[in-house]
1. Report the one residue of Gly104, Asn80, Ala92 whose Cα lies farthest in the direction of the positive end of the charge dipole of region 70-110 (charges on C-beta: Lys and Arg +1, Asp and Glu -1; origin at the Cα centre).
2. Below 12 Å, Cα to Cα, which aspartates and glutamates can Lys187 reach? Residues fewer than 8 away in the same chain don't count.
3. Taking the number of other C-beta atoms within 10 Å as the exposure measure, put Tyr27, Tyr48, Tyr79 in order starting with the fewest.
4. If you take every residue apart from Asp314 with its C-beta less than 12 Å away from the C-beta of Asp314, what net charge results, scoring Lys and Arg +1 and Asp and Glu -1?
5. Just to be sure I understand the model, the point goes 7 Å from the Cα along the line to the Cβ. What's the resulting Phe210 to Lys292 distance in nm?
6. Taking only C-alpha pairs under 8 Å that are 6+ residues apart, what is the relative contact order of region 159-299 in percent?
7. Roughly how many whole Å is it from the C-alpha centroid of region 306-329 to that of region 250-294?
8. Nearest 20 debye, what's the magnitude of the dipole of the chain about its Cα centre given +1 on Lys and Arg Cβ and -1 on Asp and Glu Cβ?
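Every number here is computed from the coordinates shown, using simple stated rules; none is lab data. Bear in mind that the values here come from a model prediction, so they are computed numbers and not experimental data. Counting neighbours? That spans all protein chains shown, and the Cβs are built from the backbone with ideal geometry, glycine included.
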Amino acid sequence: MRKRALITGITGQDGSYLAEHLVSKGYEVFGMLRRTSTDPLMRIEKLYMDRQITLVNGDLRDMGAVERVLAEAEPDEIYNLAAQSDVSISFACPEETFEIDYFGVGRLVHAAMKANREIRIYQASTSEMFGKTPPPQNESSPFQPVSPYAEAKVKAHEDYVVNYRTRHGLFICGGILFNHESPRRGKHFVTRKITHSLAKIKAGLQETLFLGNLDAKRDWGFAGDYVEAMPMMLAQATAEDFVIATGESHTVRDFFATAARIAGFDVHFEGAGLREVAKDARGQVLLRVDEKYHRPHEVDFLCGDATKARAKLDWKPRHSFDALVRMMMEADMREVSPVRR
């Protein structure tokens, strides 16, 4: 009998890759779809048009809708990927962030327990929960969140993952994923902002890219690799939390320089702090630092230790940092080039 999976956040980067992965594994996949003003099928159009997935309207802010979605999908597994996931926006909209990233998780967990206590649940936690904790960060590292987004995720992890697992016997796992990117990443996230802007600069459609803290260090991997760990967690005999990461860190400056090289720019950096710029061989300024893109509180250094996932799940990343940046840079150059013609 085919397993049935419900994915919240199916229209996002992770949701689209996970849906493809589960379909390839023979799952019957349902996705909870929240109404938006943009095209919700952008990343999952082929899956939907080929009738490989079933979409059900719902919203984590509406308990009745959550219960209705569960009744229709009758899932064996739930993958909760829905979130307000932009750290910068969480500072401007903290209540909305908590409504979705904390209270929304509670609604889903309560509805799942009411529908079927045997449901297995994956909760998308995040490396941002570690905040100021020095690297390497693993499952035993303390959480020190520095943003409303991270605070909401920590509270959801502690209240609905750890407590419901220990107090109620619910099979729920927290996947503590470090930064994972792809050509499907939203263009407002720093990695995709870099690759898409460089593609536009190369095509003559943009002059300069503006960024904030170039010294922030992140452990970047490929989202397509990371979603493969999610069903692995739910296939274990007992529910546990897992860090998913590459174990390597690079600065935002490194990411920009690597992307620029792949795009064909010979760049060098001049100045420091807010006066730092990156120029090409002709002296054109490709990058400037702008104070408005600095977060009120920054996570300086994230580097994950995925030893547990390697040992218990036999999971490891298949794409290197350079391969990831190349994938994103080349995809954005292909996207921009038709505009130029």
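1. In region 70-110, that residue is Ala92.
2. Reachable aspartates and glutamates: Asp86, Asp332.
3. On the way: Tyr27 22, Tyr48 18, Tyr79 30.
Arranged by neighbour count, lowest to highest, Tyr27, Tyr48, Tyr79 become Tyr48, Tyr27, Tyr79.
4. Values: positive: Lys308, Arg310, Lys312, Lys316; negative: Glu228.
Surrounding charge for Asp314 is +3.
5. 0.4
6. Details: 201 pairs, mean separation 39.3, N = 141.
About 28 percent, as a whole number.
7. Here the answer is 26 Å between Cα centres.
8. On the way: 46 positive and 48 negative charges, 134 e Å.
Dipole of the chain, to the nearest 20 debye: 640 debye.
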